[in-house]
Structure formats: structure tokens, C-alpha cells
Amino acid sequence: MHADLIGAAKIHLMVPTHRRITHSIDVIVAPESEHFLVKLLENIHGLALEKARSAYADYRLMHPVLNIKVDIMVEGFKEHGRMVWKLSDILRKRGTLTLEHAIIAKLTRRSFEYRTDAYDVAVSLPHIDPSMFKQILKELNKENPIIAYRIPRNLNIVEKYIKTEYVGEDVEILLRLLKRLRD
């Protein structure tokens, strides 16, 4: 199946120091795997299909008791029903998305949040491969410079978060890592 987690759920799996548990899970899936994934989540994991074809996700599944939701995006990220970052070809080629994909996805969010998104990026900084980050960003910039344009603004929010929420030498280490991404 050509599908993978993205966002905070992917970061949580890949960054051992990530402590924020999210009950909102985002999944990117290639079109040929979408129905299989939806049926798998419904029949094996007991999630109920709540909403289909929103402005951002193609499917939303909810756990009937627990406060867990899974948003499934077919092919890639959408805004207001329009594709803004296609990732299904990468899933087919590599079989997975990288931590760098998850971080860039966070940084392209229109509604980037200080406490949650900035934390996710800050805690991931020691685990990001800057050359992989830059390569993915370069490809995204070719595909959609409008959403790539949001990244510097959101990196400024991450910088403020680090300066406010971290202490000691952690601040300097994280700021140096952040600078490498900016360069």
C-alpha cells in the first residue's frame, strides 16, 4: 500500500524526544490505495467514516469512543479542495515519506500554531538532514512557490518558541540547527 503518516504523527514516530501525543492523525495515500486504506481503518481499527471530501482531506475517520481522528489525503496536501503539494509519486518511488517531508509540511501550514507546530519543528531540529530538507524544499518551490513562501515566516515562529521555551545551551544548539535550515 502506498501510504504514510505525515505531520505530528510521523514526527512522533521518528523523533525519540517528541513528547506531544496527538489524537489527530494525517495520512497521505496514493489513489490506487485509498479505498483499501479506508476499509482497513474502518474494518480492522473500528474507525467510522465521518466526513468525505473536505477542503483539506478526502476522508475523515473517527474512533466512535476515543477522541481520535484520521484525515486521509489522496495524492497530497490540498487547500480548499485544490492540490498544493503532490506526494503520491514519492510514496510510489520511495515507499515512505521522510521526517523532512513532515517538517516541511508543518512549515507550509497557513495556520501554523505556536505551541503545537513550533514545538514539533523545534524538537525535530537535531534529527533533520539539512541537505535532504533543502532538496525537498527546492522541489516544493518548483511545484508550488506560494506554500513554500510561508516557510520563512513559520521558521520565525519556531525561533521565538525556542527562545521562549528552551533554556541553557539547548537554545544555542537549536538556534544553530535552525540557522542551517534557513541558509
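On the given criteria, is VAL29 closer than 20 Å to VAL121 by Cβ, touching a residue at least 12 places away in the same chain (Cβ under 8 Å) and in contact with a strand residue (DSSP E or B) (Cβ under 8 Å, 6 or more places away or on another chain)? No. Restricted to strands (runs of 3 or more DSSP E) entirely inside the range 7-73, those with at least 2 residues that are loosely packed, with under 15 Cβ neighbours inside 10 Å are 48-52. So, in the range 146-166, of the ones that are within 17 Å of ASP183 (Cβ to Cβ) and of a type in the set (Val, Ile, Thr), which residue ends up surrounded by the most Cβ atoms within 10 Å (Cβ to Cβ)? The qualifying residue surrounded by the most Cβ atoms within 10 Å (Cβ to Cβ) is VAL158.
Between HIS2, HIS12, HIS18, HIS23, the distinction of being within 27 Å of SER124 (Cα to Cα), out of contact with any Pro (no Cβ under 8 Å at 6 or more places or on another chain) and at pLDDT below 90 belongs to HIS23 only. Pairs meeting the criteria (first residue in the range 165-182 and free of Cβ contacts under 8 Å to residues at least 24 places away in the same chain, second residue surrounded by fewer than 16 Cβ atoms within 10 Å (Cβ to Cβ), beta carbons under 8 Å, at least 6 apart or on different chains) are VAL171/LYS163; LEU175/LYS163. Of all the criteria given as (1) over 21 Å from HIS2 (Cβ atoms); (2) modelled with pLDDT of 95 or more; (3) in contact with a strand residue (DSSP E or B) (Cβ under 8 Å, 6 or more places away or on another chain), the one not satisfied by ILE146 is (2).
Can you tell me which residues in the range 1-31 are out of contact with any Leu (no Cβ under 8 Å at 6 or more places or on another chain) and among the β-branched types (Val, Ile, Thr)? THR17, ILE21, THR22 - these are the residues of the range 1-31 that are out of contact with any Leu (no Cβ under 8 Å at 6 or more places or on another chain) and among the β-branched types (Val, Ile, Thr). Here THR96 clears all of (1) within 22 Å of HIS2 (Cα to Cα); (2) free of Cβ contacts under 8 Å to residues at least 60 places away in the same chain; (3) exposed (fewer than 14 other Cβ atoms within 10 Å of the Cβ); (4) among the hydroxyl-bearing types (Ser, Thr, Tyr) except the condition numbered (2).
The values are calculated or read from the model by the stated rules, or taken from the named source; none is laboratory data. Nothing here was measured: the structure is a model prediction, and the numbers come from that model. Note that each Cβ is placed from the backbone with ideal geometry, even for glycine, and that neighbours are counted across all protein chains shown.
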